[in-house]
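Chemist: Encoded as structure tokens, here's the structure I'll be asking about.
FYI, it's all coordinate maths here, none of it is from the lab. Being a predicted model, the structure only gives us computed values, none of them experimental. Please note: Cβ atoms are built from the backbone with ideal geometry, for glycine as well, and neighbour counts cover all protein chains shown.
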Amino acid sequence: MSLQVCIMTPARVFWNEQAEELILPTNTGQMGILSNHAPLITALDIGAMMIRTKQDWRAVALMGGFALVKNNQVTILVNEAEASSTIDAREAEKTFEEAKTRLEQAQGEKEKVEATFAFKRARARYQIVQSR
């Protein structure tokens, strides 16, 4: 038995297909989801989500949101989602390095919060291109 997974952004349905397993980036760490998982609602952090279909693993960068797991259906509501195939690897690596430097040099509270957000976003994009 597999999971029906629907990833939705404010603009569109990003992905709506069957999957065998998910690894979600939650606020408390990574969480694996298999069929017949207990019902659950969880907050999602900015990070890489891994999807195992019958053929292979796919990586998706999620930009924060929520996941609902119930009766082998997983509904994921996120601010933004990106597939690894749509990201240029060199650009992702450059952005990640720049974000890391910016975070290390951040001074005030506001600057640190903004740098952390940019770093998490860049890291998620970089991680999924590395998984190709």
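Chemist: What does the convex hull of the alpha-carbon atoms of region 1-67 project to on average, in nm²? Write down the numbers at each step before the final one.
Modeler: Values: hull surface 17.4 nm².
Result: a mean projected hull area of 4.3 nm².
Chemist: If I fit a long axis through the Cα atoms of helix 109-130 and take the longest principal axis of the Cα atoms of the chain, what angle between them do I get, 0 to 90°, rounded to 10?
Modeler: Once rounded, one gets 50 degrees.
Chemist: Here's another thing I want to ask about it. What ranking, highest mean first, results for peptides 94-107, 115-128 when packing means the other Cβ atoms within 10 Å averaged over each residue? Walk me through the numbers before you get to the answer.
Modeler: Numbers: 94-107: 14.7, 115-128: 20.5.
Sorting 94-107, 115-128 by mean packing, highest first, produces 115-128, 94-107.
Chemist: Over region 89-131, what lengths in whole Å, largest first, do the semi-axes of the equivalent ellipsoid take, defined as the square roots of 5 times the eigenvalues of the alpha-carbon gyration tensor?
Modeler: 21, 9, 5
Chemist: To two decimal places, what compactness ratio does the chain give when its Cα radius of gyration is scaled by 2.2 N^0.38 Å? Show your work: numbers first, answer last.
Modeler: Values: Rg = 15.4 Å, N = 132, 2.2 N^0.38 = 14.1 Å.
For the chain, the normalised Cα radius of gyration comes out at 1.09.
Chemist: Applying the Karplus parametrisation 6.51 cos²θ - 1.76 cosθ + 1.60 with θ = phi - 60° to the phi angles of region 26-43, what ³J(HN,Hα) value in whole Hz is obtained for each residue in order, glycine and proline being reported as x?
Modeler: So the J values, rounded to whole Hz, are 8, 5, 10, x, 7, 10, x, 10, 10, 4, 6, 5, 4, x, 6, 10, 9, 7.
Chemist: Within 10 Å, Cβ to Cβ, of GLU20, how many net charges do the neighbouring residues add up to if Lys/Arg are +1 and Asp/Glu are -1?
Modeler: Numbers: positive: ARG52, LYS54; negative: GLU21.
Overall, the nearby charge balance is +1.
Chemist: Let me ask something else about it. Go through SER35, ALA61, VAL5 and say which Cα lies farthest out towards the positive end of the charge dipole of the chain; charges sit on Cβ, +1 for Lys and Arg, -1 for Asp and Glu.
Modeler: Looking along the dipole axis, the top candidate is SER35.
Chemist: For region 62-76, just list the computed ³J(HN,Hα) in residue order, Karplus coefficients 6.51, -1.76 and 1.60, θ = phi - 60°, integers in Hz, with x standing in for Gly and Pro.
Modeler: Karplus values, whole Hz, x for Gly and Pro: 9, 10, x, x, 9, 10, 10, 10, 6, 6, 6, 10, 10, 10, 10.
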